[in-house]
Amino acid sequence: MSTVYVHALYDDDDKLITGAKKVRSLGYGIKEVFSPFPVHGIDKIMGLNRTRISICCFIYGVTGFSLAFWMIWYMLIHDWPVDIGGKPNYTWYHNIPSWIPVLFESTVFCSAHGMAITFLLRSWLFPGVSPKNPDPRTTDDHFLMITTAHSDQELSDLMNAANSTGAVEVKKVNG
Amino acid sequence: MHQDSIIREPLLLGKKTYHQVTEDVARPVEGKANKYWWALFFLAIIAWLWGIGCMAYTVGRGIGVWNLNRTIDWGWDITNFVWWIGIGHAGTLISAVLCLFRQRWRLTINRSAEAMTIFAVMCAAIFPVLHMGRPWLAYFVFPLPNQFGSLWVNFNSPLLWDVFAISTYFTVSIVFWYLGLIPDFAMIRDRAKTKSRKILYTLFSFGWSGRAKDWQRFEEVTLVLAGIATPLVFSVHSIVSSDFATGVVRGWHSTVYPPYFVAGAIFSGMAMVLTLVIVGRKVLDLEEYITIQHIETMNKVMLTMGSVVGIAYFAEFFQAWYSGDPNESFIYLSWNNAKGVYGWAFWSLIICNNIIPQILWLKKARRNLYITFILSIVINIGMWFERFDIIVTDLYRDYLPSDWTYYSPSWVEVGIFVGTIGMFFTFFLLFARWFPFIAQAELKTTLKSTGDLFHNPPRHPKSSDFESDGFHAEHASIETVH
């Protein structure tokens with residue numbers, strides 16, 4: 001038997017959680033879940049790793065801070081120390097306190113935008129990308145769980161698991 | 001999961017299911033605009049066009065067409081800049097600070113408040129650019145290599161900090177707002193009946209499909225962005241206040257300015273949010289989402305911030321008097337100003353910002369829409385006068401009595417201000433028609449912890465319920481799709 005996907009559609013997030021737990025307790029994996037809002041705890045049940053996007057954010061922030069620090073040092077100290085009111089900017093450590101606002105803003109700028117771009121890239125979200133949710137109701141009030149069956153036994157197991165946890169629609173989709 | 005106390009007023013009225021929320025949020029987007037919308041839109045466009053005309057006149061003739069003079073070299077222009085930036089702050093406060101504090105009443109107003117932030121910052125940015133006199137040279141404020149050396153920008157100047165702060169604030173606010181909009185656009189896309197709507201919202205929604213991994217990232221990104229935006233919003237108005245506080249002008253040279261400006265910004269921003277949502281909830285039929293409870297909560301925030309501002313006024317007034325410095329006795333909060341030629345501006349500030357808002361101590365007033373609406377406009381007028389007083393009435397009595405003078409705006413300055421109000425409302429009205437007004441995806445997560453579904457939950461099925469025969473045939477259909 002070729003690979004078959006079981007699409008189990010729920011109309012409630014708690015039922016989805018029950019269904020997902022049941023599938024996992026039978027020893028099967030969950031291929032994908034589509035939901036209209038973040039269902040808390042579903043990622044752990046599916047066995048998804050914790051996202052590392054906040055670590056990326058920190059790295060972008062450090063990068064932004066370093067770039068800004070280098071830029072200000074280069075422009076204000078190294079390249080052209082402007083003499084303002086007889087107080088030339090020759091030393092970076094005397095000037096640092098007044099750099100804090102720009103350093104802070106640059107850190108925020110790079111971390112926020114870097115993280116947003118990373119999110120859009122990793123989740124492949126762009127204008128022009130066509131949506132991948134198989135059922136349009138999953139952005140309204142339905143929750144879709146997709147599981148994979150490789151044999152008739154697995155198929156009946158998964159379909160029973162979905163039916164027995166209150167799925168309103170169970171579909172077999174040939175892969 | 002966080003749940004409401006039983007005795008607490010629900011944040012949602014009526015029987016709301018997930019689908020009902022979808023219907024209610026999509027209705028204004030899918031329906032047709034009524035005649036009030038068109039009337040307001042027409043008015044806003046006219047005002048905006050008038051403003052564009054005045055801006056073009058300013059650029060063509062130079063800022064000599066304004067009534068600024070040698071003593072009062074900042075006037076309506078910078079007043080309006082600070083006023084608009086301040087208004088923007090409530091949006092980020094609601095969406096970021098209240099997100100970190102897990103205040104769930106923010107969920108039905110954060111979208112419109114963030115939209116307000118973005119449009120307000122756009123209006124604000126017009127003013128310093130025009131004030132340059134040669135706006136085509138506005139790129140000079142960025143640290144770009146140039147033919148003069150390169151002569152770089154001065155990183156020790158608060159005016160440059162402003163450039164970084166406002167551009168960061170503007171772009172980060174847009175990103176925060178738009179990421180939140182993506183799932184809601186997807187909701188409208190998936191129920192679109194017409195082809196043009198389908199294409200438009202497919203583009204807007206970036207192909208969002210609500211995968212579990214995407215939601216996981218989405219939540220993390222939202223939380224981290226809220227964490228970043230919180231210090232950002234405080235930094236922006238602190239930096240704007242440094243434009244004044246680092247100057248050696250008495251009245252401006254004051255260490256209280258950063259917290260005082262931030263409190264004032266939230267005060268005026270909350271007032272603007274109230275003005276907008278009191279009309280919006282009625283016109284868009286969202287009264288069960290933006291309830292009297294929400295209005296009262298915002299009124300409480302406004303009362304708190306108004307009191308902080310009031311204490312700051314008192315401190316400024318007291319310190320100016322207590323210092324015994326003759327120069328200080330002419331600052332914007334002083335007897336000399338109160339009884340001087342700008343006394344009308346002084347008293348407008350005190351009456352609008354300190355006296356009238358005291359009515360908010362009464363619960364009846366906080367829960368009355370008419371009083372709140374009028375008060376929100378009064379406070380915005382008061383906060384405009386605060387900036388006008390800080391700028392003009394600190395300048396008009398200069399250190400040299402021979403420089404003492406008076407200033408009133410020319411029709412061009414008034415026209416530009418009216419134009420930005422038109423621009424703001426044009427964008428906001430378009431937003432209310434084309435964008436989901438409420439963050440419905442996030443709101444749906446709270447449906448079971450407040451309102452009807454929480455107080456009268458449907459019986460939750462257990463696995464054992466489905467063991468008996470006959471359930472499968474009744475509740476589920478099995479079919480094969482090839």
Quiz item: Roughly speaking, what is the stretch gain from B:Thr246 to B:Ala338, that is 0.36 nm per residue apart minus the C-alpha to C-alpha distance, in nm to one decimal?
Solution: 30.6 nm
Exercise. Kindly provide the Kirkwood hydrodynamic radius of chain B in Å, to one decimal, from all pairs of distinct alpha carbon atoms.
Key: 24.6
Practice problem: For chain A, find the longest principal axis of its Cα atoms and tell me its angle to the long axis of helix A:152-164, 0 to 90°, nearest 10. | Solution: 80
Quiz prompt | Neighbour net charge for A:Arg122 - beta-carbon separation under 12 angstrom, K R +1, D E -1 | solution = +2
Quiz item: What does the helix-only formula give at 222 nm for chain B: each DSSP H stretch with n ≥ 4 adding -39500 (n - 2.57), the total divided by the residues, and the result rounded to the nearest 500 deg cm²/dmol?
Solution: -21000 deg cm²/dmol
Quiz item: Under 29 Å Cα-Cα from B:Lys364, which lysines qualify once same-chain neighbours fewer than 8 residues away are excluded?
Solution: B:Lys15, B:Lys16, B:Lys282, B:Lys300
Practice problem: Grab the eigenvalues of the alpha-carbon gyration tensor for segment A:53-122, scale each by 5, take roots, and send me the semi-axes largest first in whole angstrom. | Solution: 31, 10, 8
Quiz prompt | Proximal lysines relative to B:Lys198, as straight alpha-carbon distance under 24 Å, when same-chain residues fewer than 8 apart are discounted | solution = A:Lys132, B:Lys32, B:Lys444
Quiz item: Taking each residue of A:37-47 in turn, how many C-beta atoms of other protein chains fall within 10 Å of its C-beta, and what is the average?
Solution: 5
Exercise. Starting from the exponent 0.38 and prefactor 2.2 Å, build the expected Rg for segment B:131-180 from its residue count and divide its actual Cα Rg by it.
Key: 1.42
Quiz item: Which residue, A:Phe58, A:Phe34, A:Phe126, has the most motion in a Gaussian network model of chain A that connects Cα atoms within less than 10 Å?
Solution: A:Phe126
Quiz item: Which three lengths, in whole Å and largest first, does chain A cover when its Cα atoms are put on their principal axes?
Solution: 84, 33, 30
Quiz item: So, in Å, what gap is there between the alpha-carbon centers of segment B:18-76 and segment A:105-129?
Solution: 30
Exercise. Multiply the residue gap between B:Tyr178 and B:Leu400 by 0.36 nm, knock off their C-alpha separation, and tell me the result in nm, one decimal place.
Key: 74.8 nm
Practice problem: Quote the convex hull volume per residue of segment B:253-332, based on C-alpha atoms, as a whole number of Å³. | Solution: 83
Practice problem: May I ask for the distance between the Cα centers of segment B:223-254 and segment B:331-368, given as a whole number of Å? | Solution: 24
Quiz item: Pick from A:Leu125, A:Leu76, A:Leu16: which residue has the top mean-square fluctuation in a GNM of chain A where Cα pairs under 10 Å get a spring?
Solution: A:Leu76
Quiz item: Tally Lys and Arg at +1 and Asp and Glu at -1 over the other residues with C-beta under 14 Å from the C-beta of B:Arg366: what net charge comes out?
Solution: +2
Quiz item: For chain B, what are the DSSP H helices with axial Cα length of 24 Å or more and mean Kyte-Doolittle hydropathy of at least 0.5?
Solution: B:35-61, B:110-131, B:158-190, B:212-245, B:257-283, B:292-323, B:369-395, B:411-434
Quiz item: Taking Cα pairs under 8 Å and at least six residues apart, what relative contact order does segment A:53-122 come out at, in percent?
Solution: 54
Self-check item: Selected from A:Gly27, A:Gly128, A:Gly47 as most flexible by GNM, with chain A as the system and alpha-carbon contacts under 10 Å
Solution: A:Gly128
Self-check item: Spatially proximal aspartates and glutamates relative to B:Lys193 (Cα-Cα < 19 Å; intrachain offsets below 8 disregarded)
Solution: A:Asp135, A:Asp140, A:Asp141, B:Glu23, B:Asp24, B:Glu30, B:Asp184
Self-check item: Long-range tail of P(r) for segment B:163-227 (Cα pairs > 14 Å, %)
Solution: 63
Practice problem: Be a star and scan segment B:253-267 for residues whose amide nitrogen sits under 20 Å from the point 7 Å along the Cα-to-Cβ vector of B:Asp325. | Solution: B:253-261
Quiz item: Could you give the Stokes-Einstein D for the protein assembly as shown in µm² per second, using the C-alpha Kirkwood radius, 25 °C, 0.890 mPa s?
Solution: 89
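No lab work stands behind these numbers, since they all come straight from the coordinates. Because the structure is predicted, anything quoted here is derived from the model rather than measured. In this analysis, Cβ positions are derived from the backbone assuming ideal geometry, glycine residues included, and neighbour counts consider all displayed protein chains.
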